[in-house]
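Quick notes on the structure that follows.
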Amino acid sequence: MKKWAMIAVSTLIAWAVWGFFGTKSDESEIEKLVLTGSSTIAPLAAEIGKRFESLHRNVRVDVQTGGSSRGVSDARAGLADIGMASRALKDDEKDLLQFTVALDGISVILNKANPVEALSKQQIIDIYTGKITSWKQVGGNDAPITVVNKAEGRSTLELFLHHFGLKNTEVKPHVIIGDNQQGIKTVVGNPDAIGYVSVGTAEYEASQGAAIKLLPLEGIAASVENVRNRSFPLSRPLNLVTRSEPVGLAKDFIEFAGSPQVNDLIEAQYFVPVPR
Amino acid sequence: MSLSRADRQLLALLRGCALLSAVIVLLILLFLLRESWPVLRQVPLLRFVTDASWHPVDGLYQLTPMLSATLYSTLGAVLLATPLGIASAVFSRYYAPPFLAGLYRRLIELLAGIPSVVYGFWGLITLAPLIGRLHPPGVSLLTGILILTLMILPTVALTVDAALAAVPIAYVRGAAALGLSRWGLISGVALPAARSGIIAGIILAAGRAIGETMGVLMVAGNVVQQPLSLFDSVRTLTANIALEMAYATGEHRAALFVSGLALMLMVLVLVGTAELLFRERRYD
């Protein structure tokens, strides 16, 4: 009995040690591709990277975050093979090349029972800064508004604040949520809540019967279609950035990231694939 | 007295294990310090309690609202779960017929096995809208306390039950021989005899409540503010880390490790206080 236990334990230990040291044997032949930049794109780039690695043996894709600006400056300085920027390049960055892999859009959502059908940009700003506190002030029920905001660091928060010209310190939230699902559940459970989530998630959940509605912005309906044709105002491109015309591994990766083979990965992150 | 060879081997093994656990705790502390160093180096400690708000992206690092949220939610849950847990254990030990007691215990064990995210999900979908009807927004300190109570109730109930089961049968027979009523036996003999086990159960439950993350994250609202009423939305330290860690970089990330450090300090203080309070009485 004791002997068998000893054998079992030593097998386990040997297995663990092998797992720890054994798999790194052919390090020398490995080619590395470094991507840095936007934390919005990083999770997507990491997923695409995994699939890319599975197709190209001896390639390792290393994804690091640090914001769109770091992505641009690293690509320019050659510190990264590819930069990631969740915005279009600015005028003084036009020496670089950008490749849009996906689009990101967010939609303001209300509970289905809320009679309000549309809000102007200024009304949304006033609601989020606490100047409008009752739905009555924007033509709805006489009920206090529950403002749902996103946690710091989330790309949806960044895009929302940027679009409405707000600072997060000015926002007066009643609820702060992490992911899109939590946001939808919160609005479903509270008829007086207002929140915002990725257009892709909101549209999918609404089609599955969740009691939410997507508010149009500036007269344009919030839909994946309108994000794809770039008419929806609350959206942005997710770009890969390079210093010069990409060659070799970087070229292969950018082509792969722009191909329909990764559409499922893009949709899994609630982004919208660009029309090819 | 000299130890036999087997004893010495066992002693070495036990010493090794004890040393390992202690080293792991120290390593965790060192790791937290190292990860939070980028912020601690630049930001004076005082700013974590004097800044205007918690907006780490804008360089504001106020932690105290989250400290008090953690404290209030844990305290509230322990206050609710302790009497309920003790009552549940007393019921199953002394009042319920044997078959019912067995069934009841299995049910409580099942309750202990439900993952916290499931409690949180139920709280978000069912409990929060109910409380929201009383007072919007529904996700609040109160909802958090109720969910935590549900989560730690089985811990209290099961440890108290085990402590009551360990009361020597002679005590019970002695009480019966003295003609004590059933309630007299419970309040005068069984509960006092099981006291240290009950206290251990409460401390265990408090530990779980402090560290609980997902359940509270889903129902407490997560706004960083000092709660003025039970219906205010609050964010606990653990929820803070879980909410922001995935997308945090640089100093923001380091600031989250500072909240981890604060949580560890808080647990140390709580355990230390409990130790001081119950030290003399534990070995009577």
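The values are calculated or read from the model by the stated rules, or taken from the named source; none is laboratory data. All figures in this text were calculated on a predicted structure; none of them were measured in a lab. Here the Cβ is made from the backbone with ideal geometry for all residues, glycine too, and neighbour counts use every protein chain on show. Surface areas here come from the heavy atoms of the whole protein model, side chains and all, with no ligands, DNA or RNA. Shrake-Rupley method; radii C 1.70, N 1.55, O 1.52, S 1.80 Å.
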Q | Percent RCO, i.e. relative contact order, over chain A, from Cα pairs under 8 Å lying at least 6 residues apart | A | 25 percent
Q | Per residue accessible area in Å² of segment B:234-278, where ligands, DNA and RNA are left out and the probe is 1.4 Å | A | 40 Å²
Q: Using only alpha carbons, build the gyration tensor for segment B:127-284 and give me the equivalent ellipsoid semi-axes, biggest first, whole Å.
A: 40, 21, 11
Q | Burial order of peptide ranges A:119-125, A:30-36, B:26-32, B:134-140 (average beta-carbon count within 10 Å, highest first) | A | B:134-140, A:30-36, A:119-125, B:26-32
Q) Using the per-residue mean of other Cβ atoms lying within 10 Å as a proxy for protection, in what order, highest first, do the peptides A:128-137, B:221-230, B:41-50 fall? A) B:221-230, A:128-137, B:41-50
Q. What does the average come to when, for each residue of peptide A:144-154, you count the partner chain Cβ atoms lying within 10 Å of its Cβ?
A. 6
**Q.** Accessible area per residue, Å², segment B:1-42 with all protein chains present, probe 1.4 Å
**A.** 87 Å²
Q. Given H placed on each backbone N at 1.01 Å, which residues far from A:Ser38 in sequence or on other chains put an amide H within less than 5 Å of it?
A. A:Gly67, A:Ser68, A:Gly71, A:Met84, A:Ala85, A:Ser86
Q. Which parts of segment B:241-282, residue by residue, lose 40 Å² or more of accessible area when the rest of the protein chains are there, as against the chain isolated (1.4 Å probe)?
A. B:Leu243, B:Tyr247, B:Thr249
Q | Accessible area buried between chains A and B, both sides summed, probe 1.4 Å, in Å² to nearest 100 | A | 1900 Å²
Q: Enter the accessible area per residue of chain A (Å², integer; probe 1.4 Å; all protein chains in place).
A: 48 Å²
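Assuming a ≥ b ≥ c are the square roots of the Cα gyration tensor eigenvalues, decide whether segment B:1-86 counts as rounded (a/c under 1.5), prolate (otherwise, with a/b larger than b/c) or oblate. Walk me through the numbers before you get to the answer.
Details: a/c = 5.13, a/b = 1.62, b/c = 3.17.
It is oblate, given that a/c is not under 1.5 and a/b is not larger than b/c.
Beyond 38 Å, what share of the Cα-Cα pairs of the protein assembly as shown is found? Please give it as a whole percent.
On the way: 70318 of 156520 pairs.
Cα-Cα pairs in the protein assembly as shown separated by more than 38 Å: 45 percent.
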**Q.** Residue (of A:Ala250, A:Ala221, A:Thr11) at the positive-pole extreme of chain A, dipole from beta-carbon charges
**A.** A:Thr11
Q. If you take every DSSP beta bridge whose two residues both sit in the protein assembly as shown, what share of them, in percent to the nearest 5, is antiparallel?
A. 60 percent
**Q.** Base-10 log of normalised Debye intensity for segment A:47-206 (one unit scatterer per alpha-carbon) at q = 0.12, 0.20 Å⁻¹
**A.** -0.66, -1.25
Q.
Principal axis extents for segment A:232-276, Cα atoms only, whole Å, descending order, please.
A. 33, 23, 17
Q) Okay, helix-only estimate at 222 nm for chain B: each DSSP H run of n ≥ 4 adds -39500 (n - 2.57), divide by all residues, round to 500 deg cm²/dmol; what do you get? A) -23000 deg cm²/dmol
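So, with a 1.4 angstrom probe, what is the percent of accessible area on the protein assembly as shown that is carbon and sulfur?
On the way: 18060 of 28200 Å².
In the protein assembly as shown, the share of accessible area belonging to carbon and sulfur is 64 percent.
What 222 nm value per residue comes from the helices of chain A, counting each DSSP H run with n ≥ 4 as -39,500 (n - 2.57) and dividing by all residues, nearest 500 deg cm²/dmol?
On the way: 10 runs with 102 residues, N = 276.
About -11000 deg cm²/dmol.
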Q. So for segment B:212-284, Kirkwood radius off the Cα pairs, Stokes-Einstein at 4 °C and 1.567 mPa s: how many µm² s⁻¹?
A. 91 µm²/s
Q) What angle do you read, to the nearest 10 degrees and between 0 and 90, between the alpha-carbon axis of helix A:42-55 and the longest principal axis of chain A? A) 40 degrees
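Given the convex hull over the Cα atoms of chain B, what projected area results after averaging over all orientations, in nm²?
Numbers: hull surface 84.1 nm².
Orientation-averaged projected area of the Cα hull: 21.0 nm².
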Q | Note, ³J(HN,Hα) from phi for segment B:218-223, Karplus 6.51, -1.76, 1.60, rounded to Hz, x at Gly and Pro | A | 7, 10, 8, x, 6, 7
Q: Using only Cα atoms, find the angle between the long axis of helix B:64-90 and the longest principal axis of chain B, and express it within 0 to 90 degrees, rounded to the nearest 10.
A: 20 degrees
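Would you kindly give the portion of the calculated P(r) for segment B:1-42 that falls above 12 Å, as a percent of all Cα pairs?
Working: 596 of 861 pairs.
That fraction is 69 percent.
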Q. Which lysines have a Cα less than 30 Å from the Cα of A:Lys121, not counting those fewer than 8 places away in the same chain?
A. A:Lys90, A:Lys112, A:Lys131, A:Lys136, A:Lys150, A:Lys167, A:Lys172, A:Lys185, A:Lys213
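Within a 10 angstrom radius of each residue's Cβ in A:177-185, how many Cβ atoms of other chains show up on average? Whole number is fine. Don't skip to the end; give the middle numbers.
On the way: counts 7, 9, 2, 0, 2, 8, 0, 0, 5.
Mean number of neighbouring Cβ atoms from other chains: 4.
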Q. Any residues in segment B:97-127 that have 10 Å² or more less accessible area with all protein chains than in their chain alone, probe 1.4 Å, and which are they?
A. B:Phe121, B:Leu124, B:Ile125
(Q) Residues of segment B:34-78 losing 40 Å² or more of accessible surface, assembly versus chain alone, probe 1.4 Å, please list them. (A) B:His55
Q: Between the alpha-carbon centers of segment A:144-161 and segment A:31-59, tell me the distance in whole angstrom.
A: 28 Å
(Q) In whole Å, what are the extents of chain A along the principal axes defined by its C-alpha atoms, from largest to smallest? (A) 72, 65, 34
